[in-house]
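Notes to accompany the following structure.
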Amino acid sequence: MLGGVWSKRFTFLHTDYNTVSVNVIDRSSSEDRLKVFLTDLKSVGTDSSLIFTSSPGSAQALLDVAVRNGVGSESKIRGYLSDWLASNYHSGWPLAAGVRRGVAIHHGRLPRSLGQLFISLFDKGVITVLFCTSTLIEGVNTSASNVFVYDKKINRVDFDFFSFANIRGRVGRMMRHFVGNAYLYHEPPKEIETNVTIPVLLDPGASTDYILMNVDYDSLSKEGKRRQEQLPDQTGLAEDVLKKHGGLGVNVLILLREKAQEALLKNPASLMWSGKPSNSQRRVLAELVVFAAKQKNEGFGRISFRQVSWAWSQLSYYKKMPDFLHWFTGKLGRLEENDSSIDRAFQFLQACEFKFPQKVMAIESIVKSISPGAQLDYSFYAAALESWFRPAWMKQLDEIGVPIPLSERVSNYLNSPASSDDAILQLSKLNLKDFPGLDVIDKYLLKAAIASAKGSGVQLSLG
């Protein structure tokens, strides 16, 4: 070595050695997919199993069928967790019945704290069967003895080989699952070479309108500069609107501007407000937000703009999450079974986190471009939507594993935390052992969050 740098030759040796062995079990020729799947799932007993499904609705439906057919088994701690879910969210949530038998779900509509909890308990063996959607391949760090690829679609589109390989790759892990099984209920996609193209690194001027407007003018090609100069005139949208909100799509912004102009002509005051809107202003805002969401084919609970406006007001009114969920399922889900209406409620809440606030701020920018100098500010309301009209620290704690219903219950014992860090600090100073009204699940969640924040690496047990 010269100066600490290796100077000798390297030799690459290619081997067929794998750290784990994967048995691929092809059931794609089966005539009754569901029947064969249930037989396979029961055959693996208590071994950890991940089931890939195409959507949250599919995951919930398949979980219901599995539980009705005797998949899983009951235990004391699973009973505690089941009762906790029913008490803190909704007594009619079918997920609670699944958890009682060690069966859960993981998808993007679940509150993040619950998603983290189920993954943690899956790794600990408390949950043994986990029905997943594409979240299985989007950063979820877990593995299983068995992976069941029940569906073949992601967002109604057949997954490609890259996604399939990632799903299948969840089988096995060194020092844990040396041999794993991958059950396939559809023919796998053909293996193809995967290429990743990043347009902005090739020619920003040939990229999307949104990227184009956010690239420095001097770094663009001649054609890119021409496009950037002409886009505001071609679309009728202000440069500021294109830069900040072009991610919604130029066509959506153009249509949204037309709708905003109509609302302003009909009643200028309907969009001229700051802070918190009146009831009538909230309905106009909801109409525009829902219009934009439908243009992008985004899900928000299959409810009308009037119902969205109503739900916003009730989310603000109810100070306890279980109360809001019971209101939502009772008023906006009465025509369907509880499982569908609860899923709809979580889809609505998910939209409140990002999709709705994103459009609220785009509407503000559009109105300001139509009426320069107008006094309006929607930022407070957008931020309130994002945090579900709860203090920001509660939503932040949900991100690190403390469910909002639990934060709501302990908030009376905290001194108006300024942030999630402040809340964790205050919680760490409380004697959780003697804390009034906390059960075994509450204490486990709080201790886990405190340990994680401190980076202590403490191994916690539910019992």
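The values are calculated or read from the model by the stated rules, or taken from the named source; none is laboratory data. Note that the coordinates shown come from a computational prediction; the quantities given were computed from them, not determined experimentally. Positions of Cβ are backbone-derived with ideal geometry, glycine not excepted, and every protein chain shown enters the neighbour counts. SASA here: full protein model, heavy atoms, side chains in, ligands and nucleic acids out. Shrake-Rupley method; radii C 1.70, N 1.55, O 1.52, S 1.80 Å.
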- Restricting attention to region 412-432, the residues that are without any contact (Cβ under 8 Å) to a residue 24 or more places away in the chain, open to solvent by less than 30 Å² (accessible area, probe 1.4 Å) and outside any loop (DSSP other than H, G, I, E, B) number exactly 2
- Please find, within region 215-246, the residue that is surrounded by the most Cβ atoms within 10 Å (Cβ to Cβ) out of those that are of a type in the set (Asp, Glu) and more than 14 Å from SER365 (Cα to Cα). GLU229
- Scope region 365-399; condition in a loop (DSSP other than H, G, I, E, B) and surrounded by fewer than 17 Cβ atoms within 10 Å (Cβ to Cβ); matching residues: SER371, PRO372, GLY373, ALA374, GLN375, LEU376
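Restricted to region 325-337, and to residues that are surrounded by 15 or more Cβ atoms within 10 Å (Cβ to Cβ) and under 24 Å from SER55 (Cβ atoms), which residue is modelled with the lowest pLDDT?
First, pick out the residues of region 325-337 that are surrounded by 15 or more Cβ atoms within 10 Å (Cβ to Cβ): 325-329, 332-333.
Filter once more, so that each one left must be under 24 Å from SER55 (Cβ atoms): 325, 328-329, 332-333.
On the way: LEU325: 96, PHE328: 95, THR329: 93, LEU332: 88, GLY333: 70.
By that ranking, first place goes to GLY333.
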- Item | Within region 47-93, tally of residues that are outside any loop (DSSP other than H, G, I, E, B) and either among the aliphatic types (A, V, I, L, M) or within 30 Å of LYS320 (Cβ to Cβ) (or both) | 26
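For SER87, indicate whether it is surrounded by fewer than 17 Cβ atoms within 10 Å (Cβ to Cβ), touching a Phe, Trp or Tyr at 6+ places or on another chain (Cβ under 9 Å), over 13 Å from ARG101 (Cα atoms) and among the polar types (S, T, N, Q).
no
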- Item | Residue list for region 247-302, filter: surrounded by 19 or more Cβ atoms within 10 Å (Cβ to Cβ), at pLDDT below 95 and β-branched (Val, Ile, Thr) | VAL250, VAL252
- Answer from PHE435, PHE354, PHE380 - the residue that is under 30 Å from ASP240 (Cα atoms) and more than 21 Å from the chain's Cα centre (by Cα): PHE380
- If you go through region 116-126 one residue at a time, do you hit one that is surrounded by 15 or more Cβ atoms within 10 Å (Cβ to Cβ), under 18 Å from the mean Cα position of the chain (by Cα), at pLDDT 75 or above and among the β-branched types (Val, Ile, Thr)? yes
